[in-house]
Amino acid sequence: MDLVAIISLAYGLYYRRHHRRDLLFAYMALNVGIFAVVSLLLVQRVDIAVGFGLFGVLSIIRLRSSEITQQEIAYYFVAIVLGLVNGIAAAWPLTALLLNGVLLGVMYLADHPGLLGRTRHQVVTLDVVHTDPDALRLDLESRLRGRVLHCVVTQIDYVRDVTVVDVRYAASNAKVRVR
């Protein structure tokens, strides 16, 4: 049941929507590893302190990547939870099945492109320094072809005439593919 759940999450949801092969592998490996450890701990009737130790070890694992979004961290968390649920609830398969369905259903809906598909986030480096916030917004809207919802200037370099801006915007010509 755990393999079906993690394959549904990793391949069925994450990879089809985000196309990051490196994280696909990480989700699968993390889930299967946690499932195996939890199953072993339950079979051996290990003390609850060992369980807390396991969570301590998991807490020191830092998610390192070139760029990892909060959305991808959510997939990590659900991959961990699926492994724990299926390892612990093996004695109650209907409970495990229900929890798998709830977790996968929530991820399907929360990450559905039709829900927030037109909203984008981008860090933009401009070859100009704008002193007027309205001029900055118009320049960003022109370059990004969308309506700027929020922008924060994170860096200005007057020597090189460069501005770095963190932008949230609604894409006007985004084509949302529903999966």
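The values are calculated or read from the model by the stated rules, or taken from the named source; none is laboratory data. Computed from a prediction, not measured in an experiment: that's the story for all the values here. Neighbour counts run over all protein chains shown; Cβ positions are idealised from the backbone, glycine included. Note: areas computed on protein heavy atoms with side chains; ligands, DNA, RNA excluded. Shrake-Rupley method; radii C 1.70, N 1.55, O 1.52, S 1.80 Å.
Miscellaneous remarks
- Residue check, residue 11 more than 18 Å from residue 84 (Cβ to Cβ) and modelled with pLDDT of 80 or more: yes
Results for (1) among the basic types (Lys, Arg); (2) part of a strand (DSSP E or B); (3) surrounded by 16 or more Cβ atoms within 10 Å (Cβ to Cβ); (4) out of contact with any helix residue (DSSP H, G or I) (no Cβ under 9 Å at 6 or more places or on another chain), shown as yes or no for each residue.
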site	(1), (2), (3), (4)
96	no, no, yes, no
103	no, no, yes, no
115	no, no, no, no
143	yes, no, no, yes
164	no, yes, no, yes
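- Hits in region 14-24 (condition: open to solvent by 10 Å² or more (accessible area, probe 1.4 Å), modelled with pLDDT under 85 and part of a helix (DSSP H, G or I)): 17, 18, 21, 22, 24
- Applying the criterion of being outside any helix (DSSP H, G or I) and not aliphatic (A, V, I, L, M) to the residues of region 65-94, the residue that is least open to solvent (accessible area, probe 1.4 Å) is 65.
- Hits in region 25-49 - residues which are modelled with pLDDT under 80 and open to solvent by 70 Å² or more (accessible area, probe 1.4 Å): 40, 42, 43, 44, 45, 47, 48
- Within region 117-134, the set of residues being assigned to a strand (DSSP E or B) and closer than 12 Å to residue 162 by Cα comprises 124, 125, 126.
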